[in-house]
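Following: one structure in structure tokens, then a few remarks.
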Amino acid sequence: MSYQHQYIDGTRIHFPLGKVVCIGRNYAEHAKELNNPVPTEPLLFIKPGSCVVGLDGGFSIPDDRGSVHYEAEIAVLIGKPLSRTPNEEEVLDAISGFAPALDLTLRDVQSKLKDKGHPWEIAKSFDGACVLAPFVPGDTVADLTAIGIRLTINGEVRQDGSSAEMIFPIVPVIQEMAGHFNLQPGDVILTGTPAGVGPLNKGDELVLDLVGHSSFASRVL
């Protein structure tokens, strides 16, 4: 079944699935754990909508391309067009929802690409590389600088972070992105992952939380 945006009450969101615009290394401790420099300006990249799958019912990972790492992130659903570095009010008005998400990475592949100075797309944009949970409405989240994201695997908390720890906060990140790429209803913003990333294995049982707003159980099929 193809992916369709929806709210946590099951209501379908009738925006077409667009692109997924991401920021890398937006938590200093995550940059350090992978021996990457802490960025001084946003590191942006795009995943195609074709890589998005739903969290509900479980998801699959490649088994022939080396280690697949989880990266839990706060996802933001765009509901109105944004372009040319919008102001803060315009950004807030364009946010339709928030959800926990997994940005999956072929870590061995990515390391080889980085060593060669090549782009990351092969490691970041494979089929199933973006796992999205349903969204809570944007107006239910009062403080965008204090959103918690937590990932538990097989009963052990692996990642537990907050948007308060972001190097580049959510609104300025979206402003930066919209200054480079027109954002359209149905586009998704991934805002970076806190420290604690690691490999996924078939059969892993996951709980992904947007702390205080939504919680979802899933598994690696």
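The values are calculated or read from the model by the stated rules, or taken from the named source; none is laboratory data. Quantities reported herein were computed from a predicted structural model and do not represent experimental measurements. Here the Cβ is made from the backbone with ideal geometry for all residues, glycine too, and neighbour counts use every protein chain on show. Just so you know, the surface numbers come from the protein's heavy atoms only, side chains and all, with ligands and any DNA or RNA stripped out. Shrake-Rupley method; radii C 1.70, N 1.55, O 1.52, S 1.80 Å.
One table, with the values for the structure above:
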item	result
Check on Asp127, within 21 Å of Ser67 (Cβ to Cβ), at pLDDT 95 or above and acidic (Asp, Glu)	yes
Residue pairs meeting the criteria (Cβ under 6 Å; at least 6 apart or on separate chains; first closer than 23 Å to Pro42 by Cβ, in segment 1-24; second part of a loop (DSSP other than H, G, I, E, B))	Gly18/Gln184; Gly18/Gly186; Gly18/Asp187; Lys19/Asp187; Ile23/Pro42; Ile23/Gly192
Selection within segment 172-221 - touching a residue at least 12 places away in the same chain (Cβ under 8 Å), in a strand (DSSP E or B) and of a type in the set (Gly, Ala, Ser)	Gly198, Ser214, Ala217, Ser218
Answer residue from segment 115-139, given it is in contact with a strand residue (DSSP E or B) (Cβ under 9 Å, 6 or more places away or on another chain), more than 9 Å from Phe98 (Cα to Cα) and not in a loop (DSSP other than H, G, I, E, B) and is most open to solvent (accessible area, probe 1.4 Å) among those	Asp139
Counted residues, segment 4-54 - those being at pLDDT 95 or above, of a type in the set (Ser, Thr, Tyr) and outside any strand (DSSP E or B)	2
Qualifying residue in segment 142-151 (condition: of a type in the set (Ser, Thr, Tyr), touching a Gly at 6+ places or on another chain (Cβ under 8 Å) and under 30 Å from Asn87 (Cβ atoms))	no
Given (1) closer than 24 Å to Lys32 by Cα; (2) in contact with a Lys or Arg (Cβ under 7 Å, 6 or more places away or on another chain), index of the condition Leu206 fails	(1)
